[in-house]
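Working notes for the structure below.
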Amino acid sequence: MRILLLGNSQIVSFGNVPDLITKLSRSAAPQCLLEAEVVAIGGASIEQLWTDGRPIAAIRGGGWDWVLCHELVYSYGGNGDRLREFGRRFHREAQSVGARMLFYASGDVEGQRGTHEPMYRDAAELARECGGRVAGGGSAWLRAWREQPDLDFHCPDRAHAGHRGYYLNACVIFAALTNRSPIGLDPCTVSAPEASFLQRIAWDQYHEDRRSERAVAMGGT
């Protein structure tokens, strides 16, 4: 399975989501190998990803099963119209080369918890409209915090995920791409006990993501 990840420093910075999802796939039994490539532009919103040109050129190179894109939490700011407009544009490009869209709703900037839920709802609606999927990274963080409120997902700059945050994000994305549980897979950069907890949270989020897509499709909230 070939995946193109389009994003910014929330995809590759303190951690590396493409590398993590590849390691997770290699540790699965049986293996479900993922080949991930990335176009990461620091600080880019979904609109800037579109206008830059490099993400579109990468999509048009073809050979993808999935194309992931996402919006910056602080660029989003409740602007669902912009997310939908440029998400639809990326969908049309992905569709033209036979790929599906995965709309990743991140939430990695400290102090932005209130943005997670509205961005997730907009991403789920967009996924339903485009026949794609949503991956609720920020929602998974909220889910984990409900059980362990003091868990620190950030790196020292507080604007990016740390090892725990990147690992949980990667587990959520892995499950969305493969329909397979991350439970029991490679702990990668975190301890085994932490990995076990985060894997379970990600698998719970996988089921919530699928329910959210269905709820949106039926006109629910």
request  = Could you pull out the residue among Gly184, Gly162 that is farther than 20 Å from Asn8 by Cα and not polar (S, T, N, Q)?
outcome  = Gly184
key: Filtered residues of the range 89-109 (kept if surrounded by fewer than 16 Cβ atoms within 10 Å (Cβ to Cβ) and either farther than 18 Å from Leu6 by Cβ or hydrophobic (A, V, I, L, M, F, W, C) (or both))   = Val97
note = Exactly one of Arg84, Arg121, Arg146, Arg128 is within 25 Å of Met1 (Cβ to Cβ), part of a helix (DSSP H, G or I) and either within 16 Å of the chain's Cα centre (by Cα) or of a type outside the set (Ser, Thr, Tyr) (or both), and that one is Arg128
inquiry  = Checking the condition over 23 Å from Glu213 (Cα atoms), loosely packed, with under 15 Cβ neighbours inside 10 Å and in contact (Cβ under 8 Å) with a residue 12 or more places away in the chain, which residue from Gly131, Gly62 passes?
reply    = Gly62
Flag for Ile46 being under 25 Å from Gly131 (Cβ atoms) and at pLDDT 95 or above = no
request  = Would you mind stating whether Gly77 is surrounded by fewer than 16 Cβ atoms within 10 Å (Cβ to Cβ), more than 17 Å from the chain's Cα centre (by Cα) and at pLDDT 95 or above?
outcome  = no
task = Could you please find all residues in the range 160-185 being in a loop (DSSP other than H, G, I, E, B) and surrounded by fewer than 19 Cβ atoms within 10 Å (Cβ to Cβ)?
result = Asn179, Arg180, Ser181, Ile183, Gly184
ask   = If you scan the range 89-115, which residues turn out to be in a helix (DSSP H, G or I), in contact (Cβ under 8 Å) with a residue 40 or more places away in the chain and more than 17 Å from Leu177 (Cα to Cα)?
value = Phe90, Thr115
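The values are calculated or read from the model by the stated rules, or taken from the named source; none is laboratory data. Because the structure is predicted, anything quoted here is derived from the model rather than measured. FYI the Cβ positions are ideal-geometry reconstructions off the backbone, even for glycines, and counts take in every protein chain you see.
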